[in-house]
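Okay, structure first, notes after.
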Amino acid sequence: MRKFYLSALAVCVVLLGVTAAALAQQKTLTVLCTPQEDWCVAMTQAFEAETGIKTSYVRLSSGEALARIRASKDAPEFSVWWGGPVDAFIAANEEGLLEPYQSPNAAALPDQYKDANGVWAGVYVGALGFCSNVNVLNELGVEPPTSWADLLDPRLKGNVAMAHPATSGTAFTTFWTIVTLEADKLEAAEAGKGYDADGMPTAAAVDKAFEYFAQLHQNVLQYTRSGAAPGTLAGRGEIGVAIIFSHDCTKLQVEGFKDVLTTTFPAEGTGYEIGGMALIKNAPEMEAAKLWFDWALTAKTQEIGPMVNSLQLPTNPDAAVSELSVKLAELTVVNYNFQAAGKSRNAIVERFEREIAPRPTN
Amino acid sequence: MQNFALQRQVNQFRRIFQDPVLAIALLGVSLFVFILILLPLFSVIGESLSPKNAPLFQRYLTEPIYQNIILNTLVLGVLTAAVSTAVGFLFAFVQVKLDVPFKRLMHILALIPIISPPFAVATAIIVLFGRNGVITRGVFGVRFDIYGLFGLTLALSLSLFTVAYLTLRGMMQALDPALDEAATNLGAGKWRVFRTVTLPMLLPGIASAFLLVFVEAIADLGNPLVLGGNFEVLATRIYISIIGLYDTSSAAVFSLILLVPSLLVFILQNYIISRSNVVSVTGKPSGTPQYIHAPLVRWTLFGLCMAICLLIALIYGTIVLGAFVEVLGVNNNFTLRHFDFVLNGLGSKAMWDTTRLSIISTPVAGLLGMLIAFLVVRKEFFGRAALDFATMLGIAVPGTIIGIGFLLVFNTPTVWELPFFGPVTVLPKLTGGQAMFGGALAIVIVYVIRSVPTALRAGVAALTQIDPAIEEASVSLGADNARTFRRITLPLIRPALLASLIFAFARSMTTISAIVFLTTPQTRIMTQQILNEVENVRYGNAFAYCVILILIVLTAIGVLYLGVGSTTGAERAFQGGAR
């Protein structure tokens, strides 16, 4: 027994030594990466190959990323934050965690895909859709939904899933899409009813949206943690319809759910996300980070995603589009105001938690 | 009167400090608990105590929505603890008291659930028993709703009953058969012996297992996230507050509320242990254990055990199968591409790093647990129960809170302003890429504080069974405290040590929620890779990771059995020395 302890101790010392030696590293650029891990790998490798700057990443979901940036703000671990919905970037900026940067390459981007003050720039775009399991819907005798109202069909009870707006940017995008649609309706009925002077949707529009989600709640099986998870539930036949980003549904089809799933879009208009990118305030390796920022906006870089089955649309209009991608131009999209969405997020999420999620379903 | 009490406490400390080794041990353990557990926790939870948070407490404790969540948490905890302890007891009883076939197999199957990679068991349960489950839908043709209290209790009990099993099995084996014989000779039937002799003797073990399972169940995050449905518990609420609402204040308040039931169960457990005298390892010769032969009892219990074994085999079989097919239950074509992805892709480094760090943390956690158990059970000093409970906090608090606490406290060097010495750097920067060992040290520490509680409980349960006279004899023969601990106590509680080492390794390999905040590009952790794959809905890859993780842990268990010895090894010969 004593021999065992001694050898165990020796193993520990050696291991610690090995770890320490491996980590006596040179300076590297550390990227906080939010999209799918393959994409993170492909991006960092490409950047390293092109610039010779050693680049590494940590992959975290956007909520975790923000929590971690905040907790380590006195000595930031990351230099640049790449990917994930811009709502989180806007929230981070309001807490003063980001460093504005006017990249020369941002000029190529359409105005709606970048922040006017250079706080963030968009690196990809994705649209919301309905990802339906054809078998389940056949059994229920329901057609794949083509409008937001279709989701309220009582036959779909317990057969709809979306992520929780508190943990998922996807779900919050869904919510804000409805807010925007309701605001448009109110505005159409009477000018000034739907939007206030600053272009913010009015409280009445938000109330209407809550009414919609209270009804939808009766059909929702579960609010999942991650944005793409409802798609798997649909693929497995646990539910009929998932509200997710359409590229996530396409990816599922590619990953093995080919004949089971189908993607449809709401006719009255759908929401979309912009994948953001920003520099972290007081971060190390700022020059390298800026280089990454410029590089990530080029057309060539934005063509990396499709190679690893990440089918979001590029924000750089010169980048080639994969034929599997949904084309934003062919869809009816709502007039999504990211600034307003970011400002309202906390209040909405908290109210959703209070009023919608805990409700009993009957 | 008060003076007298104070005098007694001073005397207790004087006695401890007469032995330098003991004093250093106590000081070291206290520093460990204070700096590495209490400080990070306080940095997050401490905030909730400020008066501005009083309205939050008010709201959370009085509004029906939140009362409901608190109630859910309690119900889940009590139910899981009761089921796990009962199942653990059943397995231990069958192993020790019954002569039935397949005992070895049952033992191994009962050990497997300690390796529950995050989300794997819950996901497998959905595949098997979900609304479109292979069994519920495929065999019985029903659309069964597994989401909610039932599914959660099932998943958690399956993952946690092993703690109860190992603790109780060790205790049952150590029971002195002479007691049974005495009772039988006095005319008691088997049932009466069981009820009035065996059961009371095992009470501390049962209480200890119940406490541990309860505390773990209410702090668990992975299962409620996947299987909770609309059944909300405090742990998910805390997670959502931090990750979704960016609101640490309410998370801190919820965490504090979560600690109250843990504290209550802890006090109850201490009360039960202090009330019962269950010493059964006395060093004196004892009789031969007797099996129970009544066929009805024997085969009913055996059947129950086998049914549970079948369930475990099904669930882990699903995980293994899922790693080898395209998409389990949807496209069942054989493929090796998931393993290709894990072994040749992103996973191989994570595999190495995680194993390496777990190997470092395992012996530390195991021995530390035994040491704290020794101090808590055998030594009298002020703040004993506080030390015990503070160590338990490592598991009683959701990992998210610990992770953030670590980042807040250790992201800059820890410097204390001491009188006379001036500022002293107690610890260097531990977290983040530029930290010591690329942040690996912080991860090892988190592994240790997450696994010490299990080791501590196992040690406490084992030590209460051992007659202090054996150690006293050693001391009066001239051995000091350190020698007595090493040569007498440790060998006697070897089954508990072995169990804790196994748990520590398995726990380290599967810890997730605290680690999310501590991984760096230099240290990749397998559980986080699993989480990434789950988030990207590539369950095949996640299952392949789990299979590899299970293989690593099983190998480690094998090595530990060989190295530390099983319960059939030296110490049994010691116990039954005169047999």
May I ask which residue of B:476, B:374, B:347 lies farthest towards the positive end of the charge dipole of region B:336-579, with charges of +1 (Lys, Arg) and -1 (Asp, Glu) on Cβ and the Cα centre as origin? B:347
Using Cβ contacts closer than 10 Å as the measure, can you line up B:564, B:446 from fewest to most? B:564, B:446
Given Cα pairs under 8 Å that are at least 6 residues apart, what percent is the relative contact order of chain A? 26 percent
Could the peptides A:55-68, B:412-425 be put in order, highest first, of the mean number of other beta-carbon atoms found within 10 Å of their residues? A:55-68, B:412-425
Among B:495, A:295, A:186, pick out the residue whose Cα is farthest towards the positive end of the charge dipole of the protein assembly as shown, where Lys and Arg carry +1 and Asp and Glu carry -1 on C-beta, about the Cα centre. B:495
With the cut-off at 29 Å, tell me which of the pairs A:27/A:281; A:258/B:349; A:251/A:290; A:27/A:73; A:73/B:52; A:258/A:343 have Cα atoms farther apart than that. A:258/B:349; A:251/A:290; A:258/A:343
Using helices alone, what [θ] at 222 nm do you get for chain A, with -39,500 (n - 2.57) per DSSP H run of 4 or more residues, divided over all residues and rounded to the nearest 500? -12500 deg cm²/dmol
Suppose R0 equals 45 Å; then what is the FRET efficiency for residue B:34 and residue A:354 from their Cβ-Cβ distance, rounded to the nearest 0.05? 0.75
Region A:91-202, relative contact order in percent, only Cα pairs under 8 angstrom and at least six apart counted: 11 percent
Taking 51 Å as R0, compute the FRET efficiency from the Cβ-Cβ separation of residue B:267 and residue A:157 and round it to 0.05. 0.70
Per the helix-only calculation at 222 nm, which mean residue ellipticity applies to chain B, given -39500 (n - 2.57) for every DSSP H run of n ≥ 4 and division by its residues, nearest 500 deg cm²/dmol? -22500 deg cm²/dmol
Test of understanding: express the Cα radius of gyration of region B:336-579 as a ratio to 2.2 N^0.38 Å, with N the residue count. 1.16
What's the exposure ranking of B:406, B:102, going from fewest to most Cβ atoms within 10 Å? B:102, B:406
For residue A:95 and residue B:479, what does the FRET efficiency come to when R0 = 51 Å and r is the distance between their Cβ atoms, rounded to the nearest 0.05? 0.30
Chain A, dipole about Cα centre (Lys/Arg Cβ +1, Asp/Glu Cβ -1), debye to the nearest 20: 1300 debye
Of B:168, B:516, A:71, which is farthest towards the positive pole of the protein assembly as shown's charge dipole, taken about the Cα centre with +1 and -1 on the beta-carbons of Lys, Arg and Asp, Glu respectively? B:168
Counted charge near residue B:29, where neighbours are those whose Cβ lies closer than 15 Å (Asp, Glu -1; Lys, Arg +1): +1
What full-extension length gain, to one decimal in nm, is calculated for residue B:134 and residue B:8 as 0.36 nm per residue of separation minus the Cα-Cα distance? 38.9 nm
Let's see if you can work this out: charge +1 on each Lys and Arg Cβ, -1 on each Asp and Glu Cβ, no other charges. What is the dipole magnitude of region B:336-579 about its Cα centre, in debye to the nearest 20? 320 debye
Reachable lysines from residue B:97, Cα under 29 Å, same-chain residues fewer than 8 places away excluded? B:190, B:284
Rounded to whole angstroms and listed largest first, the alpha-carbon spread of chain A along its three principal axes comes to 71, 57, 41
With a ≥ b ≥ c taken as the square roots of the eigenvalues of the C-alpha gyration tensor of region A:198-340, please select rounded if a/c is under 1.5 and otherwise prolate if a/b is larger than b/c or oblate if it is not? oblate
Eigenvalues of the Cα gyration tensor times 5, then square-rooted: what semi-axes does that give for the protein assembly as shown, in whole angstrom, largest first? 50, 32, 26
Shielding by partners for B:514-522, please: the mean number of other protein chain Cβ atoms within 10 Å of each residue's Cβ. 5
For chain B, would you read off the P(r) tail past 45 Å as a percentage of all alpha carbon pairs? 16 percent
What nm distance separates the two modelled labels at residue B:203 and residue A:218, each placed 7 Å from Cα along Cα→Cβ? 5.4 nm
Relative contact order (%) - criterion: Cα under 8 Å, at least six apart; region: region B:336-579: 30 percent
What dipole magnitude, in Debye to the nearest 20, does chain B give about its Cα centre under +1 on Lys/Arg Cβ and -1 on Asp/Glu Cβ? 800 debye
Proportion of all alpha-carbon pairs of region A:123-182 beyond 16 Å (%): 53 percent
Quick calc: nm separation of the 7 Å Cα→Cβ label points for residue B:555 and residue A:290 -> 4.8 nm
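Read-outs throughout are calculated quantities, based only on the coordinates presented, and are distinct from any laboratory measurement. Bear in mind the structure is a predicted one, so any value in this text is a computation, not a measurement. Heads up, the Cβs are rebuilt from the backbone with ideal geometry, glycines too, and the neighbour counts pull from every protein chain shown.
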